[in-house]
Amino acid sequence: MNRLMSAGQDLRWRQEALEQTGLQAGDRLLDVAAGTGDMVFVAQSMVPDLRVVAVDFSLHMMQAGRSRTDSVRRRADGSRPPGWAGADTYALPFPDQSFDAVTSAFLLRNLTEPLVGLQEQVRVLKPGGRLVMLDATPPPDNWLEPFIKLYLNHFVPLLGGLISGRPGAYRYFPDSIANFLRPEAIAALFTKAGLVHVNSRSFMFGTAALVAGEKQA
């Protein structure tokens, strides 16, 4: 569904997010709410010998991601197998300053306390490390807004229901976007969480955003 809803662009967005991390060979990456591992496997294909830990609250999604590991490793020369761990976003089971970068995709808008989630990610980030997130955002106030809302409110739930057999899950999707923050407000949260050099970029007519910041050294 991520591929379909973004017309295949979400993989490119993940690549751009990982470019923002500045990761080098041998660095440690934490991917929060990793799901079935899309960000994990893109990262391994981009950075040799990367040490990746993937965490998610949904054990079933991680089990699906782990089943992909062997085939992906055969295509990514020199990559280490990622570590997988069940974890609560608000209480990550890692010491302070454990990772060179932290990423998440389509997590923040699902948190009831997004600032607390960001602060926990900052806690496990090394000084000078980068925190980068991707998420869907409310459409901008312009002439495209009615068409985007039509797509989100009707086409996505219909397609999601046909593919997953669970249309209710995709009726939640447009509501979560409508009630979420715009990129500039997310950037302000990054600053409030203690990050510096914060920047943001929008994709797909303003309906998705990448926000990145650095932990002060």
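Data table
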{"item": "Gained length - Arg201 relative to Leu59, 0.36 nm times residue gap less alpha-carbon distance", "result": "48.0 nm"}
{"item": "Derived scalar couplings ³J(HN,Hα) [region 88-100; Karplus, 6.51 cos²θ - 1.76 cosθ + 1.60; whole Hz; x for Gly, Pro]", "result": "8, 4, 7, 8, 5, x, 9, x, 4, 6, 9, 10, 7"}
{"item": "Ranking by accessible area, most exposed first, for Trp143, Trp84, Trp13 with a 1.4 Å probe", "result": "Trp143, Trp84, Trp13"}
{"item": "Within the chain, percent of DSSP bridges classed antiparallel, to nearest 5", "result": "45 percent"}
{"item": "Rounded if a/c under 1.5, otherwise prolate or oblate - the chain, Cα gyration tensor axes", "result": "oblate"}
{"item": "Accessible surface of Arg80 - all protein chains present, 1.4 Å probe, nearest 10 Å²", "result": "100 Å²"}
{"item": "Zone residues, region 113-145, relative to Glu184, backbone N less than 15 Å from point 7 Å out along Cα-to-Cβ", "result": "138-142"}
{"item": "Burial order of peptide ranges 197-206, 133-142 (average beta-carbon count within 10 Å, highest first)", "result": "133-142, 197-206"}
{"item": "Theoretical FRET efficiency, 1/(1+(r/R0)^6), r = Cβ-Cβ of Gln97 and Tyr172, R0 45 Å, to 0.05", "result": "0.80"}
{"item": "Ranked order, Arg171, Arg28, Arg166, Arg51 - accessible area, probe 1.4 Å, largest first", "result": "Arg166, Arg171, Arg51, Arg28"}
{"item": "Nonlocal amide H pairs with Leu50, under 5 Å, H built at 1.01 Å", "result": "Gly26, Arg80"}
{"item": "Magnitude of the charge dipole, the chain, Cβ model with Lys/Arg +1 and Asp/Glu -1, debye to 20", "result": "400 debye"}
{"item": "Among Phe155, Phe41, Phe190: highest mean-square fluctuation, GNM of the chain, C-alpha pairs under 10 Å", "result": "Phe155"}
{"item": "Where Thr191, Thr207 fall by accessible area, highest first, once all protein chains stay in place (1.4 Å)", "result": "Thr191, Thr207"}
{"item": "Of His60, Gln24, Ile177, farthest towards positive along the dipole that unit charges on Lys, Arg, Asp, Glu beta carbons give the chain", "result": "His60"}
{"item": "Heavy-atom surface of the chain, accessible at 1.4 Å and reported per residue (Å²)", "result": "49 Å²"}
{"item": "Pairwise label distance in nanometres, Arg66 with Asp49, each label 7 Å out on the Cα-Cβ vector", "result": "2.7 nm"}
{"item": "For Ala34, residues with placed amide H under 5 Å, excluding near neighbours", "result": "Val55, Asp56"}
{"item": "Note, ³J(HN,Hα) from phi for region 207-217, Karplus 6.51, -1.76, 1.60, rounded to Hz, x at Gly and Pro", "result": "9, 9, 9, 10, 10, 9, x, 10, 7, 4, 6"}
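The values are calculated or read from the model by the stated rules, or taken from the named source; none is laboratory data. Quick caveat, the model's predicted, so the values are computed rather than measured. Cβ atoms come from the backbone with ideal geometry, glycine included; neighbour counts cover every protein chain shown. Keep in mind that these areas ignore ligands, DNA and RNA; they rest on the heavy atoms of the full protein, side chains included. Shrake-Rupley method; radii C 1.70, N 1.55, O 1.52, S 1.80 Å.
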